[in-house]
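A quick write-up on the structure given underneath.
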């Protein structure tokens, strides 16, 4: 077939970078975090509220990581995380919030427990956690 890569070459294609969905109603914060994540090699999409995030979760490709604030308009971050886990049990959930006491760990697999960072965000700590959880070196 003309134009198609040789069979062996298709297997050597680089893997797509992990897809991260950032959810925050503070547009400036969300855009800055998305920019830093893209600079680190991640694919990133941004949702400005919980309802938008829930809508996005129903489309492909599914995010590998959900980074969300807790207090969001329309649907709170905990509900967004529950929806993400219902659709994609292996999704990595990271809360970035000024109210860490509002995050309650789900019962069950400790590896699936959400990661919680307080605002202001320590990006280097988030970077290290994502590298560990995504099992990639960027």
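Rule-based calculations on the coordinates, nothing more; no lab input. Since this is a predicted model, take the numbers as computed values, not measurements. Here the Cβ positions follow ideal geometry from the backbone for every residue, glycine too, while neighbour counts run over all protein chains shown.
All of 62, 90 fail the test of being loosely packed, with under 13 Cβ neighbours inside 10 Å and within 17 Å of residue 21 (Cβ to Cβ), apart from 90. Cβ-Cβ distances below 8 Å connect the following pairs, each with a first residue in the stretch 34-60 that is more than 24 Å from residue 86 (Cα to Cα), a second residue that is assigned to a loop (DSSP other than H, G, I, E, B), and a separation of six or more residues or different chains: 40/138; 41/17; 41/138.
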